[in-house]
Amino acid sequence: MRPDDPFDDAVTARAVIAPDGTLTRWSEGARLLLGHTAEEVVGRPAADLLARGGPPRLPADRWSGTLTLRRRDGGIVTVWVLAHHRQPEGGRPGDWLAVTPLDTSAHDLPDDPLVRAAVFQSPCATMVFDEALRLRGVNDAMAHLLELPADQLRGLRPTDVGGRPQHSELERHLHQVLSTGRPYEMQTYMKATGESRAHAWLARLAPLTDRARRVRGVCVTAHDFTEQYRARERLQLVNEASMRIGTTLDVTRTAQELAEVCVPVLADLVSVDLLEPDEPGGEPAGPLTTPVSLRRVAHQSLTPGSPESIADVGEVVVYPATAPHADSLVAGHSIMASVASGDLDPWLAMDGVRARQIREHGVHSILSVPLQARGITLGVAAFTRFSRPEAFTYDDVLLAEEVTARAAVCIDNARRYSRERETTLALQRSLLPRTLPRTAAVEAATRYLPAARTGVGGDWFDVIPLSGMRVAMVIGDVVGHGIQASATMGRLRTAVRTLADIDLAPDELLTHLDDLVHHLSQESGGDPGHSEVGATCLYAVYDPVSRRCTLARAGHPAPVLIPPGGAARHLDLPSGPPLGVGGLPFESAELELPEEAVLAFYTDGLVESRERDTEAGYVLLREALSDASGPLDETCDRVLQSVLSPGGASDDVALLLTRTHGLPSAQVATWDIPADPALVAPIRKQAVDQLAAWALTEASFTAELVVSELVTNAIRYGAPPIRLRLIHDASTLICEVSDTSHTAPHLRRARTWDEGGRGLLLVAQLTQRWGTRHTADGKTIWSELSLADEDI
């Protein structure tokens with residue numbers, strides 16, 4: 001037993017009674033009062049000690065009154081008993097502590113009757129404890145709060161008076177004041193026994209000393225500071241609302257933050273209903289008339305699951321004119337309504353379901369506040385009380401309006417942002433390729449995700465078919481977000497496609513693109529509404545015939561190569577400066593790719609995150625790509641799920657995966673041609689024979705004319721060596737003639753009496769498309785013939 005354990009205090013009779021009515025502890029004071037020892041009574045029913053009458057009916061918390069008890073010697077004694085229910089411990093049900101003070105004699109008090117009256121009649125609730133923490137006296141105000149007779153309390157300790165946590169806390173602090181001699185202030189929020197509702201209390205504990213300055217006791221005075229407490233609570237709520245509401249530009253999340261901030265400080269249930277605009281992100285429809293339809297976007301309750309709410313989030317709620325929600329919307333100001341006042345009767349008479357909900361959950365007060373920002377009514381916030389007994393006050397209305405006004409501005413900002421975001425996203429989607437072209441060189445899959453917070457940016461990707469069955473793969477990232485970044489992205493993507501059509505090498509293409517970005521930046525420099533333009537880009541060209549890939553990048557992350565059955569690795573490429581810097585060269589790198597190799601192109605939003613460093617993002621990316629043998633769409637989804645943070649990407653993300661295919665040598669035929677016009681006819685014959693071997697006799701007539709014209713032009717205007725190459729797949733026949741001259745032919749319309757100039761016009765009319773591709777050694781004239789058209 002602890003030295004400070006008051007249970008065996010001989011001046012107070014104490015007994016502990018278990019929930020089943022048996023005695024579990026018996027103090028020395030109880031032995032002095034009734035004569036029974038602890039060994040004689042512990043384990044026996046407490047009712048056996050009653051001399052007359054049955055045991056009293058105990059309430060849930062506390063009981064006091066007089067009992068007639070039987071002594072051990074057969075005598076009886078009538079005493080005043082205070083019993084209270086103690087807090088449960090260790091999962092066991094709480095027992096009861098019954099106490100009877102043995103020393104109720106009057107103690108020394110001031111002789112002056114005026115001083116005696118001041119002590120007992122002071123409006124400040126006061127009680128005095130001695131060195132043993134026994135209660136020496138209480139004044140009338142304290143006795144009223146306790147609802148116990150003052151003359152019966154002398155000799156009790158704080159834990160004898162009540163079993164709440166506040167009583168144990170008070171006893172600990174009384175020990176502290178007695179041992180240190182320093183005063184202490186204790187704050188708590190509770191309902192005293194003599195009160196109808198809870199109050200905030202400030203208890204001041206002051207040491208009492210004798211003439212030798214020795215601490216002989218403690219004076220405790222209790223002060224009701226509910227108004228100051230609530231004012232501080234209101235100020236704290238406003239401060240918390242300014243920090244917690246509007247953390248994102250999401251309408252639903254902002255409304256939920258409003259509800260969460262106000263429960264339980266202001267209300268037991270908060271619901272937020274918004275008017276629906278005619279179009280996403282637009283202005284709410286007006287003017288307001290009843291009945292009014294609102295969509296529930298958020299609610300929060302003291303009770304998990306918000307069973308008090310009549311509607312779930314996302315549902316449309318129709319409020320008639322008699323509902324305070326509709327009333328406040330139409331009137332444009334807050335409306336308080338309560339069950340006691342009858343303000344809700346007309347509404348509940350029309351809505352039996354809602355009336356039943358209010359009765360079942362004990363709802364007694366509703367405060368409806370319209371959400372208004374920039375002269376527009378957005379919806380209504382309803383504050384409901386069912387657990388807290390007091391109704392809303394005028395101060396509560398002012399507080400609700402202050403918090404709601406802040407939230408309304410944030411909701412309006414989020415609504416406007418949503419409209420801009422939808423516009424930007426629509427622009428972004430219109431500028432990105434909706435579908436990727438089907439080519440024999442690669443199969444591809446892509447993903448684009450806007451940033452979780454900043455929204456749509458300037459990321460883009462593309463797959464561009466080139467001549468000779470080659471394919472270009474491009475991915476880029478424009479600095480910034482919003483409409484301006486998307487518009488710049490569209491201009492750059494168009495420029496890349498234009499430059500790709502003239503078959504520029506990757507490093508040359510980036511040089512031209514760098515000049516364009518530099519010019520765009522200069523154009524925007526004088527516009528205060530636009531910042532300088534910056535971008536990164538990676539451009540790659542893959543040839544399925546040679547299975548070689550040429551890549552160049554401008555400040556963009558290097559791609560990841562996943563060879564069949566091999567580990568994913570980043571390619572070591574010259575980085576190059578970002579686009580728009582100007583004056584610095586770009587370098588390209590060439591590598592041979594195995595059949596079925598996968599190249600992963602991505603923007604930095606995929607690997608960069610606030611929760612981790614970039615290198616960790618690269619590691620996650622390589623791990624997610626370690627097995628890319630399955631469908632590329634599934635691999636895209638796995639990469640995004642594995643690499644991105646649960647909260648989404650902090651920047652927009654573009655991902656392009658391509659699986660390379662090689663063209664079998666049997667589908668390619670090549671001839672070296674001497675510069676002799678007399679050999680054109682044998683070349684035509686060899687070409688026709690090759691088409692027959694490929695079972696393409698339907699295309700022989702057109703292909704023979706094209707070969708004859710291109711070879712003749714090369715012999716006449718080009719420079720040896722000259723080479724003819726035929727390539728075919730399931731749908732296309734390609735004819736290429738190369739020579740070492742850098743002079744490119746031009747298509748022109750021949751006049752009536754001209755002897756030449758009609759060859760290229762004839763090629764353009766007979767083929768699907770044609771063009772010139774410059775190389776380091778000269779040029780290549782190519783044309784494509786659609787085999788599907790020949791079949792028709």
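The values are calculated or read from the model by the stated rules, or taken from the named source; none is laboratory data. All of these numbers come straight from a predicted model, not from anything done at the bench. Every residue, glycine among them, receives a Cβ derived from its backbone with ideal geometry; neighbour counts consider all protein chains shown.
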Within the stretch 408-419, is even one residue over 26 Å from VAL318 (Cβ atoms), of a type in the set (Val, Ile, Thr), touching a residue at least 24 places away in the same chain (Cβ under 8 Å) and not assigned by TED's automatic domain parsing to the domain that holds LEU492?
yes
**Message:** Could you go through the stretch 443-457 and let me know if any residue there is at pLDDT 90 or above, of a type in the set (A, V, I, L, M, F, W, C) and either assigned by TED's automatic domain parsing to the domain that holds PRO559 or not in a strand (DSSP E or B) (or both).
**Reply:** yes
When (1) touching an Asp or Glu at 6+ places or on another chain (Cβ under 7 Å); (2) free of Cβ contacts under 8 Å to residues at least 12 places away in the same chain are applied to GLY342, the one that fails is (1)
With the first residue restricted to the stretch 610-629 and required to be over 22 Å from ASP652 (Cβ atoms), and the second required to be surrounded by 14 or more Cβ atoms within 10 Å (Cβ to Cβ), Cβ contacts under 7 Å at 6 or more apart or on different chains are SER626/ALA568; ALA628/ILE562; ALA628/VAL598; ALA628/THR635
Contact list, first residue from the stretch 556-585 and without any contact (Cβ under 8 Å) to a residue 24 or more places away in the chain, second anywhere and among the acidic types (Asp, Glu), beta-carbon distance below 6 Å, six or more apart or interchain, is PRO574/GLU587
Flagged in the stretch 367-400 as over 20 Å from PRO277 (Cα atoms) and surrounded by fewer than 18 Cβ atoms within 10 Å (Cβ to Cβ), in numbering order, are SER387, ARG388, PRO389, GLU390, ALA391, THR393, TYR394, ASP395, VAL397, LEU398
Checking MET127, MET186 in turn, the sole residue that is in contact (Cβ under 8 Å) with a residue 40 or more places away in the chain and either in contact with a Cys (Cβ under 8 Å, 6 or more places away or on another chain) or surrounded by 15 or more Cβ atoms within 10 Å (Cβ to Cβ) (or both) turns out to be MET127
Residue set ALA675, ALA687, ALA669; condition in contact with a Pro (Cβ under 7 Å, 6 or more places away or on another chain), aliphatic (A, V, I, L, M) and not assigned by TED's automatic domain parsing to the domain that holds GLY482; output residue ALA675
**Message:** Tell me whether the stretch 547-563 contains one or more residues that are surrounded by fewer than 17 Cβ atoms within 10 Å (Cβ to Cβ) and at pLDDT 90 or above.
**Reply:** yes
When restricted to ASP312, ASP273, the only residue of a type outside the set (Phe, Trp, Tyr) and closer than 24 Å to ASP396 by Cα is ASP273
Condition (residue is at pLDDT below 95, surrounded by 16 or more Cβ atoms within 10 Å (Cβ to Cβ) and either hydroxyl-bearing (Ser, Thr, Tyr) or in a strand (DSSP E or B) (or both)) applied to the stretch 567-574: is it met by at least one residue? no
PHE586 passes all but one of the listed conditions (1) modelled with pLDDT under 90; (2) in contact with a helix residue (DSSP H, G or I) (Cβ under 7 Å, 6 or more places away or on another chain); (3) part of a loop (DSSP other than H, G, I, E, B); (4) of a type outside the set (D, E, K, R); the exception is number (1)
Scanning the stretch 610-667 for residues that are among the β-branched types (Val, Ile, Thr) and not in a helix (DSSP H, G or I) gives VAL653, THR658, THR660
In the stretch 98-123, residues that are over 21 Å from THR209 (Cα atoms) and modelled with pLDDT of 75 or more total 8
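Has the stretch 339-351 got at least one residue that is surrounded by fewer than 16 Cβ atoms within 10 Å (Cβ to Cβ) and either basic (Lys, Arg) or under 27 Å from the mean Cα position of the chain (by Cα) (or both)?
Taking every residue of the stretch 339-351 in turn, none turns out to be surrounded by fewer than 16 Cβ atoms within 10 Å (Cβ to Cβ) and either basic (Lys, Arg) or under 27 Å from the mean Cα position of the chain (by Cα) (or both).
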Here the residues within the stretch 572-613 that are aliphatic (A, V, I, L, M) and over 18 Å from GLY457 (Cα atoms) are LEU573, VAL581, LEU584, ALA589, LEU591, LEU593, ALA597, VAL598, LEU599, ALA600
(1) part of a helix (DSSP H, G or I); (2) closer than 30 Å to LEU733 by Cβ all hold for HIS519 apart from (2)
Counted residues in the stretch 525-546 being among the charged types (D, E, K, R) and at pLDDT 90 or above come to 1
When (1) within 24 Å of ASP633 (Cα to Cα); (2) hydrophobic (A, V, I, L, M, F, W, C); (3) exposed (fewer than 14 other Cβ atoms within 10 Å of the Cβ) are applied to VAL598, the one that fails is (3)
Across (1) modelled with pLDDT of 95 or more; (2) part of a loop (DSSP other than H, G, I, E, B), PRO287 clears everything bar (1)
Of those in the stretch 192-232 that are acidic (Asp, Glu) and within 21 Å of ALA143 (Cβ to Cβ), the residue surrounded by the fewest Cβ atoms within 10 Å (Cβ to Cβ) is GLU195
